[in-house]
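Novice: Here it is, the structure, as structure tokens.
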Amino acid sequence: FQFAYARALAAKHGWKLNAVGWSGKAIFIDDPILTDDPPDLTISGYFQSQEDLIYTRMDVLSWFIIKPPLQSFLSRLPEEYKLAHRRNGDYIQSGFPVISKASYLAVAPDAVFVTEEEPCIVNGMPEGFSFLPDFWRMMHCRRLIRSNSSFSWWAATLGDAVVLSPVINGLCGGKEHD
């Protein structure tokens, strides 16, 4: 969200974007707008609210293209028809509402689950990228039942699955809900 917001803001104003420390440079094809020049403006925040989405899905599909060597590696993973992303561990501790596993199973009893707490370990995956196989699998499944997490939001946005998203408005944080 932060990079997409900064990228859109820079494009809108014709600015060069300095993305120092952005880990996405190791995953996504470098964009010519990126530069190592010192920034004239520093922005901070999460930029996850509706009014911060100053870009389109088409924009991010052109900005976030996984580098070909990683694509080649990840494309060897088995494809899943239906995946369910469940964010639980740190979300409950951080006071966010969490949808119960029983609710996911009621919608899709045959779904394969992925969680950030149990990353998909793939032999040969570059160090520091343990999240990427699950992210890729969510991007490329046919049906994705996502959690209220930015991880699955971005996989859904960059993928082409039919997506089911939980409605969490009004739910109490820090516990599971059916």
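Novice: Have a look at 137, 143 and point out the one that is open to solvent by 80 Å² or more (accessible area, probe 1.4 Å), of a type in the set (Lys, Arg) and farther than 26 Å from residue 49 by Cβ.
Specialist: Testing whether each residue is open to solvent by 80 Å² or more (accessible area, probe 1.4 Å), of a type in the set (Lys, Arg) and farther than 26 Å from residue 49 by Cβ leaves just 143.
Novice: Of all residues in the range 155-171, which are in a helix (DSSP H, G or I) and crowded, with 18+ Cβ neighbours inside 10 Å? Give the derivation first.
Specialist: Taking the range 155-171 and keeping what is in a helix (DSSP H, G or I), we get 155-158.
Correct list: 155, 156, 158.
Novice: Need the failing condition index for residue 103 against (1) among the hydroxyl-bearing types (Ser, Thr, Tyr); (2) touching a helix residue (DSSP H, G or I) at 6+ places or on another chain (Cβ under 9 Å); (3) modelled with pLDDT of 90 or more, just the number.
Specialist: (2)
Novice: Here is a follow-up. How many residues does the range 1-19 hold that are at pLDDT below 90 and either among the hydroxyl-bearing types (Ser, Thr, Tyr) or farther than 21 Å from residue 48 by Cβ (or both)?
Specialist: Residues that pass the stated criteria total 5.
Novice: Quick one: how many residues across the range 113-133 are open to solvent by 50 Å² or more (accessible area, probe 1.4 Å) and either at pLDDT 80 or above or in contact with a His (Cβ under 9 Å, 6 or more places away or on another chain) (or both)?
Specialist: Residues meeting the conditions: 4.
Novice: Here are some conditions: (1) modelled with pLDDT of 85 or more; (2) over 21 Å from residue 136 (Cβ atoms); (3) over 18 Å from the mean Cα position of the chain (by Cα); (4) surrounded by 11 or more Cβ atoms within 10 Å (Cβ to Cβ). Residue 48 meets all but one. Which one does it not meet?
Specialist: Here residue 48 meets the rest and fails (3).
Novice: From (1) out of contact with any strand residue (DSSP E or B) (no Cβ under 7 Å at 6 or more places or on another chain); (2) modelled with pLDDT of 85 or more; (3) assigned to a loop (DSSP other than H, G, I, E, B), pick out the condition that doesn't hold for residue 80.
Specialist: (1)
The values are calculated or read from the model by the stated rules, or taken from the named source; none is laboratory data. Everything quoted here is computed from the prediction, not taken from an experiment. All Cβ positions, even for glycine, are placed from backbone atoms using ideal geometry, and neighbour counts span all protein chains on display. These area figures cover heavy atoms from the full protein model, side chains too; ligands, DNA and RNA do not enter into them. Shrake-Rupley method; radii C 1.70, N 1.55, O 1.52, S 1.80 Å.
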